[in-house]
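Right, one structure below, let's go through it.
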Amino acid sequence: MKYRSVKGTHDLFGSEIAKFDQIITEINKLGQIFNFLKIETPIFESTELFSKPLGEQSDVVLKEMYTFVDRNKDSLTLRPEYTTPMIRAAISNNLISQLPCKLFGIGPMFRRERPQKGRYRQFHQINFENFGSLDVFAEVELINIANNFLKNILPKNDIMLYVNSLGDRDTLKKYKEKLKIFFEKYKKDLSEESKLKILTNPIRILDSKDSKDKNIITSAPLIYDSLSNNSLNKFEQLKKYLDEYKIKYKEDYSLVRGLDYYCETVFEFKTNSLGSQNTIIGGGRYDGLFEILGGPDIPGVGWAGGIERIMMLMPIPVKTKKQVHFAIINEKYQSHALKAYKIISDEKIPVYWNYKFNLKKSLSKSNEFQGSFVIIVGEDEFNLDKYTLKNLEKGSQVSVSLSELIKHIKNG
Ligand code: HAM
């Protein structure tokens, strides 16, 4: 039997893992600059942590969670997202004794979605959350981090930020009622999937990609027209700050997001280059979520980005470090060669040997791996207590002693 990776999962190696690591390095840097504390939480949690807050009628809860019962009959779920585990961790470890509490984390998430380009069943997210701030600047700080991240990791990109306000929870509740009445009128023309959502989750119909639905949606009432003065002021303030920070954005009054816990500001960074799975980063405010999770009344705002989607937009990273490869002609000279291997690697210069005593094969491996130097060790080198250092970029070569090797490599 041949084993394959499970549908919707993938292995990361080669240039893909190089991109992955580049993202992690950049995120760790930004976490430090903006003083967010790094956190890692368990990959599985109690199922309840997700079912209510994400929305009993949301796609994630209805169809996509990997849930299992363990031997104690506890229902556990592989985390489909990071916001609720972070809140759980902040409450459990009393990280909220001082507010604001700012956390960031990176890790795998699990959703049983239909796999396609940019959509997997195990994928990775980067995640930033700010607990305890009602100030609109909390949104702006987070958006600024996301914007800096995207600019640094994807210097040339077509990504655009979209913003909307969903208003406070009361407005949102009333708006859902309005939508129910509206969609009931057009029920017979809606797709089967949207019909089912009229009573349970009418706001999700606004996100439908079905062409019949889209026609109806264009005339649906907009939440913007129901916003309170307070929400409108916050939204205006947000846009003012974004202008001051010179962050480009577009208002999108139909932007609603897929999880149920949002209110007030929502935002997404989208690209045109990835087909239908085009949201790179999504987030917003979720005041009230702490209480749903049994915590105190603490407001929150955050975002998550899909690492795989970001990687699809990244160029293959260029190797910056010099690599020194070894070509050892015969087993007799191995220990002479490996003395050099030790001192070069101790200097933190990357080294490689293919474990073969074959000059031709070693040189061709060096070419394949784009080595910067090859150290050739044969009879002459052994007898003279020297090493032949071939500079592959310049095409030159020198015969040097062990003590001179590092200087030549560094200067080369
Ligand atoms: P989300 O929109 O469900 O939000 O996911 C955030 C990002 O994760 C998406 O924009 C996308 O880049 C990536 N993503 C989601 N599902 C998949 C998938 N199946 N395959 C590949 N990438 C995927 C959240 O998860 C919220 N917790 C974000 C948040 C944080 N809101 C406030 N704080």
| said: List pairs: first residue in segment 30-50 and among the charged types (D, E, K, R), second residue assigned to a helix (DSSP H, G or I) anywhere in the structure, Cβ distance under 7 angstrom, at least six positions apart or on different chains. | reply: Lys38/Gly31; Glu45/Pro85; Glu45/Arg88
| field | segment 257-270 residues that are within 21 Å of Glu236 (Cβ to Cβ), paired with ones that are near the ligand (Cβ under 9 Å from one of its atoms) and modelled with pLDDT under 95 (beta carbon under 7 Å, 6 or more apart) | value | Val266/Arg257
| task | Quickly run through segment 103-114 and pick out the residues that are in contact (Cβ under 8 Å) with a residue 24 or more places away in the chain and either aromatic (Phe, Trp, Tyr) or more than 8 Å from the ligand (Cβ to nearest atom) (or both). | result | Leu103, Phe104, Gly105, Ile106, Gly107, Pro108, Phe110, Arg112
| query | Looking at this structure, is Tyr253 in contact (Cβ under 8 Å) with a residue 60 or more places away in the chain, over 28 Å from Glu56 (Cβ atoms), more than 17 Å from the chain's Cα centre (by Cα) and surrounded by fewer than 21 Cβ atoms within 10 Å (Cβ to Cβ)? | reply | no
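Every residue, every condition in (1) touching a Cys at 6+ places or on another chain (Cβ under 7 Å); (2) of a type in the set (D, E, K, R); (3) crowded, with 17+ Cβ neighbours inside 10 Å; (4) under 30 Å from Pro100 (Cβ atoms), yes or no:
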site: Trp303; (1), (2), (3), (4): no, no, yes, yes
site: Pro315; (1), (2), (3), (4): no, no, no, no
site: Ile328; (1), (2), (3), (4): no, no, yes, no
site: Leu359; (1), (2), (3), (4): no, no, no, no
site: Val377; (1), (2), (3), (4): no, no, yes, no
site: Asp385; (1), (2), (3), (4): no, yes, no, no
site: Ser401; (1), (2), (3), (4): no, no, no, no
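Select from segment 290-301 the residues that are touching a residue at least 40 places away in the same chain (Cβ under 8 Å), outside any loop (DSSP other than H, G, I, E, B) and either surrounded by fewer than 18 Cβ atoms within 10 Å (Cβ to Cβ) or near the ligand (Cβ under 9 Å from one of its atoms) (or both) and list them in ascending order.
Within segment 290-301, the subset touching a residue at least 40 places away in the same chain (Cβ under 8 Å) is 290, 292-296, 298-301.
Subsequent filtering for residues that are outside any loop (DSSP other than H, G, I, E, B) retains 290, 292, 300-301.
The answer is Ile292, Gly300, Val301.
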| Cβ pairs under 6 Å, 6+ apart, first in segment 147-160 and surrounded by fewer than 16 Cβ atoms within 10 Å (Cβ to Cβ), second in a loop (DSSP other than H, G, I, E, B) and of a type in the set (Val, Ile, Thr) | Asp158/Thr271
| query | Which pairs have Cβ atoms under 9 Å, sit 6 or more apart or on different chains, and link a residue in segment 331-344 that is of a type in the set (D, E, K, R) to one that is part of a helix (DSSP H, G or I)? | reply | Lys332/Glu379; Lys332/Phe382; Lys339/Leu402
| Of everything in segment 271-289 that's of a type in the set (Val, Ile, Thr) and outside any loop (DSSP other than H, G, I, E, B), which residue is nearest to the ligand (Cβ to nearest atom)? | Thr279
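Tally the residues that are touching a residue at least 40 places away in the same chain (Cβ under 8 Å) and not in a strand (DSSP E or B), restricting the search to segment 302-327.
13
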| Going through segment 373-412 one residue at a time, which ones are under 27 Å from Pro317 (Cβ atoms) and either touching a helix residue (DSSP H, G or I) at 6+ places or on another chain (Cβ under 8 Å) or in a helix (DSSP H, G or I) (or both)? | Phe373, Val374, Ile375, Leu389, Leu392, Ile406, His408, Ile409, Lys410, Asn411
| query | Residue check: is Leu62 more than 10 Å from the ligand (Cβ to nearest atom) and assigned to a helix (DSSP H, G or I)? | reply | yes
| message | Tell me the residue from Glu113, Glu40 that is under 30 Å from Ile198 (Cβ atoms), within 21 Å of the chain's Cα centre (by Cα) and among the charged types (D, E, K, R), please. | response | Glu113
| task | Those residues that are over 26 Å from Thr77 (Cβ atoms) and assigned to a loop (DSSP other than H, G, I, E, B), I need them from segment 12-51; list them, please. | result | Phe13, Phe34, Asn35
| Taking helices (runs of 4 or more DSSP H) that fall entirely within segment 188-270, which contain at least 1 residues that are touching a Leu at 6+ places or on another chain (Cβ under 9 Å), farther than 26 Å from Ile281 by Cβ and within 16 Å of the ligand (Cβ to nearest atom)? | none
| Conditions: (1) away from the ligand (no atom under 14 Å from the Cβ); (2) modelled with pLDDT of 95 or more; (3) closer than 19 Å to Tyr261 by Cβ; (4) crowded, with 17+ Cβ neighbours inside 10 Å. Leu172 meets all but one. Number of the miss? | (2)
| query | Got a number for residues in segment 116-130 being near the ligand (Cβ under 8 Å from one of its atoms), farther than 13 Å from His10 by Cβ and over 13 Å from the mean Cα position of the chain (by Cα)? | reply | 1
| request: Output the residue which, of all residues in segment 181-220 that are among the basic types (Lys, Arg) and surrounded by fewer than 18 Cβ atoms within 10 Å (Cβ to Cβ), is nearest to Lys52 (Cα to Cα). | output: Lys195
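Listed here are the residues, each with its yes/no results for (1) of a type in the set (Ser, Thr, Tyr); (2) farther than 26 Å from Gly275 by Cβ; (3) out of contact with any Cys (no Cβ under 8 Å at 6 or more places or on another chain); (4) part of a loop (DSSP other than H, G, I, E, B).
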residue	(1), (2), (3), (4)
Glu81	no, no, yes, yes
Ile91	no, yes, yes, no
Phe123	no, no, yes, no
Ser133	yes, yes, yes, yes
Asn144	no, yes, yes, no
Lys156	no, no, yes, yes
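The values are calculated or read from the model by the stated rules, or taken from the named source; none is laboratory data. Treat the numbers as computed from the prediction; the structure is a model and nothing was measured. All Cβ positions, even for glycine, are placed from backbone atoms using ideal geometry, and neighbour counts span all protein chains on display.
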